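As structure tokens, the structure follows; a few thoughts come after it.
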Amino acid sequence: MRERVYVALLSLAVAAGCGLVRVEPVPDPSAPSVLLVTIDTLRADHVGAYGASFARTPRLDSLADRGVRFERAMATAPLTLPSHASILTGLYPPSHGVRHNGVFRLRSEHTTMAERFRDAGWKTGAIIGAAVLNGQFGTSQGFDHYDGDIYGERATAAGFAERPADQVTDLALDWVRTAEGPFFLWVHYYDAHATYTPPEPFRSEFAKRPYDGEVAFVDFELGRLLDGIETDGKLENTMVAVTSDHGEGLGEHGEASHTYFIYDSDIHVPLILAGPGVPKGVVVDQVVSNAAVAPTVVALADLPALSDADVADLSQLWQGGSGPGWAYSESLAGQLDHGWGQLRAVRSSTHHFISAPRSELFDQLTDPHQQQNLLDVGKFEDVTGQARKRIADASSREGGLAIDDIDAETRAQIEALGYVVPGPAVEQTGADPKDAVRFAGYGFKALGLFFEEKYDEARSVAETGLEYVPNSAMLNDVLARVHFHQNDLTEARRYAERAVELNPHSAEFHAHAAFLRLVTQDLEGALEAFSAALAVDPNHVGGHLGMMWRIKLGAPLEEAARHAEQALEEGAGRPGVFETAGETWETLGEYERALDAYEQGVAKHPDSERLQMRLAIQYARFGKKARSEEHLLRAGSEAEDVKLKCHLGVVYGAGGNHVRAESIFREVIADHPGAIRPTVFLAHLLRTTGRDEEAEQLDVQPLPLEELPGGEVQLAPARG
């Protein structure tokens, strides 16, 4: 036995030496761990260590005291995904090719620092605060664990699903406690991003400065994260790097948030390093790029350099050396979103040059808030010539704009954040963003109000915006959504059709118009539009779900099943896709297929209370009362949703369990006095069971048959 083991081990060793078996690298146990923290939308001048006396950022300030603070760190772009791609790779956006959120992807040929650490044997993890950094965009490269698929309840007034900082911290600490040996952990906090709604006590304490309240909340959670790592005995040997992807306009230069400008308010960010290999209490005054985080951290960990990085390791700067003294930034968002001109900039310690349709040059020594454009009062060929050469150098590896398709739900999430997600074929006007940016805000504001369910206000803002930009597909789409929720289907459809007319290259606009045709009883028109959506994007989930309706025009069941299968495959990460597929099967009378869709959904997303409720309804339909009640308990608050609870009552009634159905309708009526649906359903049930006098006392009109849920036309036994 011992001989066989020896021979097996020898064979394994030989195989490994010949490259037949991959041997996992094992780092030196004394090697430092790395904690990379990116605080989304954090301006440097709103951090105490950077001179903000009004800020409450004690943990950031403490880190700066025990490490190196870079006084003039500049983000590569005022957008989350491009800037984070730079932070992870050491590349400027022209080199890594990610120029906007949502439709660009960091390609696998670009090496991230996470890949360096993983390949050297470090455990690698990432906890992401918002879906704008969903792993599908390439930022997950090199991570053993990447927690970035964020779906569920909208957490902000703008409608964007995010994780608050306390949840991010909890998840990060959970991961650290499982990591044995050196680790590389990236933690992304999103809270400082608009809309600013900090939790208590920060909300009350910063009532007049909610942005700073969000920053204070994140700082508190950063402290909790560091304390937790210290409690685990791992902080002393952990290198900490903290920076931001971009700043925030906060009204400066006429910009409330960020995206289209590259002034200091948008790109001047904190950058702090502390821990093993980093001196204490050092301030570096030279201008640096936040893209330098990757080469610096990799060098401090004594790993192979990122050979193609555009920027150098910063450790030479605190050792008395010098760097280039300038940093490159850009925003192509205006061009991609609206056809405006590009913005590219070079920031040095003395000047900030912005190349634009009307270029700008600012003296940073005498005009730190960048109010006076020197090019309006004189010529500065020496400064602008040098800056243009540096822009050309930074852009020398630039390729074409390779835009990727994304699914409709991810696009909607990111646009609800306040970003436009660009589509193809935007008419190029060449306008200067300084002249046009005031119009871009109408769509964002209207969409935010829509997600807050302030429909009248959203409608007013969108209509005002159309007076200035009548050819805005986004504004027309917002108005279509608003009118639908206000039950004006005719106007909703009109605006949806106009959005398609203005931007026929958007699969989402085609699908939205198709849905409105469907609910206005235009089945053939709806199927034509769903088909158009798939012509634009063959993987569009909504398009495939819509094409299931071809059964109504005589298409075989197998065709609908293929579309449903593809939709569930493409949208497997989103509970709502399983719900829509199941609901469509219900409406088409295919209850067993609906049950299968809901079962798949719950298996994939057991925490989805809405899917639990849908499954409870289907089990009730098939007479599996015990299983129905089990999932009803798991449905949580969704079990009290008026529409779904009424649906459950209808199903029980259709199955002949009139007592249970009646109790459900009466519960809903008691909880929601004045609700029409449960009263109508109860009246219908009473008439069905011969209790006409009781039904008359409810004083409601019979419900039109097409309004009954799940395709039911009467409270009679269900099919199947």
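Each reported figure results from applying straightforward, stated rules to the coordinates on display, with no laboratory input. These numbers come from a predicted model, not from an experiment. No Cβ is skipped: glycine too gets one built from the backbone with ideal geometry, and neighbour counts run over all protein chains shown.
Cross-link partners among lysines for LYS379, C-alpha distance below 18 Å, same-chain residues fewer than 8 apart left out?
Filter leaves LYS389.
Using 1/(1 + (r/R0)^6) with R0 = 25 angstrom and r between the beta carbons of ASP174 and ASN237, what's the FRET efficiency to the nearest 0.05?
Values: r = 20 Å, r/R0 = 0.80.
E(calc), rounded to 0.05, equals 0.80.
Roughly how many nanometres apart are two label points built 7 Å out from the Cα toward the Cβ at GLU381 and THR429?
Here the answer is 3.4 nm between the modelled labels.
Highest mean first, what order results for 535-544, 638-647 on Cβ atoms within 10 Å? Don't skip to the end; give the middle numbers.
Numbers: 535-544: 21.3, 638-647: 18.3.
Answer by packing, highest mean first, reads 535-544, 638-647.
Distance between Cα centroids, region 502-526 to region 54-87: provide it in whole Å.
Between the Cα centre of region 502-526 and that of region 54-87, the gap is 45 Å.
Excluding PRO357 itself, calculate the net charge of residues whose Cβ lies under 9 Å from the Cβ of PRO357, where each Lys or Arg counts +1 and each Asp or Glu counts -1.
Working: positive: ARG358, LYS434; negative: ASP432, ASP435.
Charge balance near PRO357 sits at 0.
Pairs LYS434/LYS454; LYS625/LYS645; LYS445/LYS643: which exceed 24 Å Cα-Cα? Write down the numbers at each step before the final one.
Values: LYS434/LYS454 30 Å; LYS625/LYS645 15 Å; LYS445/LYS643 29 Å.
From LYS434/LYS454; LYS625/LYS645; LYS445/LYS643, over 24 Å: LYS434/LYS454; LYS445/LYS643.
Straight-line reach from LYS123: which lysines have Cα under 30 Å away, leaving out those fewer than 8 places along the same chain?
LYS234, LYS280, LYS604
Given the C-alpha centroids of region 531-595 and region 601-636, what is the distance between them in whole angstrom?
21
Quick one: pull the percentage of alpha-carbon pairs in region 521-588 with a separation above 18 Å. Walk me through the intermediate numbers first.
Numbers: 689 of 2278 pairs.
Every Cα pair in region 521-588 considered, those over 18 Å come to 30 percent.
For the chain, restrict the atom set to alpha-carbon positions and state the Rg and Dmax in Å.
Just the Cα atoms of the chain yield Rg and Dmax of 28.7, 93 Å.
Show me 89-99, 469-479 ranked by packing, highest mean number of other Cβ atoms within 10 Å first. Please list the in-between numbers first.
On the way: 89-99: 26.1, 469-479: 22.5.
Output ranking for 89-99, 469-479: 89-99, 469-479.
Just how large is the dipole of region 33-325 about the Cα centre, in debye to the nearest 20, putting +1 at every Lys and Arg Cβ and -1 at every Asp and Glu Cβ?
Dipole size: approximately 220 debye.
Between ASP285 and ASN487, what is the label-to-label distance in nm when each label sits 7 Å out along the Cα-to-Cβ direction?
According to this spin-label approximation, the distance is 6.8 nm.
Only four residue types carry charge here, +1 at the Cβ of Lys and Arg and -1 at the Cβ of Asp and Glu. Report the dipole size of the chain about the Cα centre in Debye, rounded to the nearest 20.
Numbers: 64 positive and 106 negative charges, 199 e Å.
The dipole of the chain has a size of about 960 debye.
Taking amide H positions as placed 1.01 Å from N in the peptide plane, with prolines and chain starts having none, which residues 5 or more places from ALA52, or on another chain, fall under 5 Å of its amide H?
VAL47
In deg cm²/dmol and to the nearest 500, what is the mean residue ellipticity at 222 nm of the chain if only DSSP H runs of at least 4 residues count, each as -39500 (n - 2.57), divided by the residue total?
On the way: 29 runs with 331 residues, N = 720.
The helix contribution divided over the chain gives -14000 deg cm²/dmol.
By Kyte-Doolittle mean hydropathy of at least 0.0 and Cα axial length of at least 30 Å, which whole DSSP H helices of the chain are selected? Mind dumping the intermediate values first?
Numbers: long enough: 210-231 (31 Å, 0.06).
Sorted by number, the helices that extend far enough and score high enough are 210-231.
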